[in-house]
Amino acid sequence: MASTGPVAAGASAAADDPSAGDEVAAKAAEVDLDEAYAYPPAAGRTSYVRANFVSSVDGAAEVGGRSGPLGGKADRQVFQLLRWLSDVVLVGAGTVRHENYGPVIVPPERRDRRQAAGLAAVPPIAVVTATAGLDPGARLFDAEVRPVVLTCDGAPPARRQALAAVAEVVLCGDSTVDPASALAALAERGMTRVLTEGGPLLHAQLAGAGLLDELCLTVAPMLAGPGRMGIVEGPPWPEPVTMRLVQVLTEDGNLFLRYQR
Ligand SMILES: NC(=O)c1ccc[n+]([C@@H]2O[C@H](COP(=O)([O-])OP(=O)(O)OC[C@H]3O[C@@H](n4cnc5c(N)ncnc54)[C@H](OP(=O)(O)O)[C@@H]3O)[C@@H](O)[C@H]2O)c1
């Protein structure tokens, strides 16, 4: 009887070969990544939310409070590309503070491609915060394109006012930001190709509310050990969310998984 189980591959690869396992799936370096990660055409008209995370094999999304130690060269390449394909990069304030976020950098040839495709030259960063606890002098706000701060009525007015000098401040809820209202506010501004880079708290709310359309997950070839944050954090969901695996790429022992809902 024909087996319908997982396909075995790479079992004979040398343990010290960093590319071991690369024959399991297409190599990222050998495919057109723009095509591989193209947004569906409808994403230009209605909100399409893609998340991008890197995780260790044991599910850690951070090492020492940063995602940097997990991502290698190929992950950074995909990370950049996903930014360049988006209308906006949506991120929780925790990640902005932990990672000292700066603006998105888009090289000249990419700006031309974006504009030819009807996108703005540079996607802004949109930060979700209940407390408006962001430093207006932070490097994020030293940007060619004004960031968007998605906050709520409960945020201290003085902080909101200080941020309004360096960002567009939008109120999307009472004591917290309602994720659906935040996406609607971005869509009203023509930003429908949404790339969320988390963090885990924001990601859990988007996915748990059925607002996540896609997850791009890099699985880095390392074990981070116990006690780390995963790619979703916060209160439990009533039901798991099922995703469909639509693409597997590999490079330097990393897996680049693309899931859709
Ligand atoms: N591996 C990866 O790919 C990856 C990606 C991103 C982040 N990370 C890691 O994740 C960690 C940071 O995660 P985090 O727990 O701080 O998560 P986060 O989701 O980035 O930030 C949480 C903060 O976002 C704001 N927020 C989230 N949901 C909100 C809502 N509905 N309404 C209002 N505000 C909301 C709040 O900010 P205020 O406190 O300002 O109100 C909250 O404290 C870092 O260690 C970072 O390195 C890893």
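Every number here is computed from the coordinates shown, using simple stated rules; none is lab data. In this text the structure is predicted, and so the values were computed from the model without any measurement. Neighbour counts run over all protein chains shown; Cβ positions are idealised from the backbone, glycine included.
A few remarks follow.
- Lone unmet requirement of (1) within 11 Å of the ligand (Cβ to nearest atom); (2) of a type in the set (G, A, S); (3) part of a loop (DSSP other than H, G, I, E, B); (4) closer than 20 Å to F256 by Cβ for A130: (4)
- When the range 77-107 is filtered for residues that are in a helix (DSSP H, G or I) and within 10 Å of the ligand (Cβ to nearest atom), the ones remaining, listed by number, are F79, A93, G94, T95, V96, R97, H98, E99.
- Count - residues of the range 234-261 that are crowded, with 16+ Cβ neighbours inside 10 Å and farther than 15 Å from N52 by Cβ: 4
- Of all residues in the range 189-200, those satisfying the criterion of being in a strand (DSSP E or B) and either surrounded by 24 or more Cβ atoms within 10 Å (Cβ to Cβ) or aliphatic (A, V, I, L, M) (or both) are V194, L195, T196.
- Pairs with Cβ under 7 Å, 6+ apart, first in the range 228-252 and farther than 22 Å from T95 by Cα and more than 16 Å from the ligand (Cβ to nearest atom), second charged (D, E, K, R) and part of a loop (DSSP other than H, G, I, E, B): M243/R261
- Test: E197 is more than 9 Å from the ligand (Cβ to nearest atom) and among the charged types (D, E, K, R): no
- For D178: the one exception among (1) within 9 Å of the ligand (Cβ to nearest atom); (2) in contact (Cβ under 8 Å) with a residue 40 or more places away in the chain: (2)
- Test: G154 is surrounded by fewer than 23 Cβ atoms within 10 Å (Cβ to Cβ), within 14 Å of the ligand (Cβ to nearest atom) and more than 30 Å from L257 (Cβ to Cβ): yes
One line per residue, one yes/no per condition, for (1) small (G, A, S); (2) farther than 22 Å from G72 by Cα; (3) more than 18 Å from the chain's Cα centre (by Cα):
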| site | (1), (2), (3) |
| --- | --- |
| P156 | no, yes, yes |
| A162 | yes, yes, yes |
| A182 | yes, yes, no |
| A220 | yes, no, no |
| P226 | no, no, yes |
| E233 | no, yes, no |
| P240 | no, yes, yes |
| Q247 | no, no, no |
| D252 | no, no, yes |
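A quick yes/no check of all residues on (1) assigned to a loop (DSSP other than H, G, I, E, B); (2) of a type in the set (S, T, Y); (3) in contact with a Cys (Cβ under 9 Å, 6 or more places away or on another chain):
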position: A155; (1), (2), (3): yes, no, no
position: T176; (1), (2), (3): yes, yes, yes
position: A184; (1), (2), (3): no, no, yes
position: A187; (1), (2), (3): no, no, no
position: L202; (1), (2), (3): no, no, no
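- Scanning the range 153-167 for any residue that is among the small types (G, A, S) and closer than 30 Å to S55 by Cα turns up nothing.
- When residues of the range 58-73 are limited to those that are on the phi > 0 side of the Ramachandran plot and without any contact (Cβ under 8 Å) to a residue 60 or more places away in the chain, the one surrounded by the most Cβ atoms within 10 Å (Cβ to Cβ): G65
- Residue among A74, A43 that alone is more than 9 Å from the ligand (Cβ to nearest atom), within 22 Å of Q205 (Cα to Cα) and part of a helix (DSSP H, G or I): A43
- For the range 35-47, the criterion of a residue being over 20 Å from R261 (Cβ atoms) and out of contact with any helix residue (DSSP H, G or I) (no Cβ under 7 Å at 6 or more places or on another chain) is satisfied by at least one position.
- Contacts under 6 angstrom Cβ, first residue in the range 74-103 being touching a residue at least 60 places away in the same chain (Cβ under 8 Å), partner in a helix (DSSP H, G or I) and near the ligand (Cβ under 7 Å from one of its atoms), 6 or more apart: G92/L201; G92/L202
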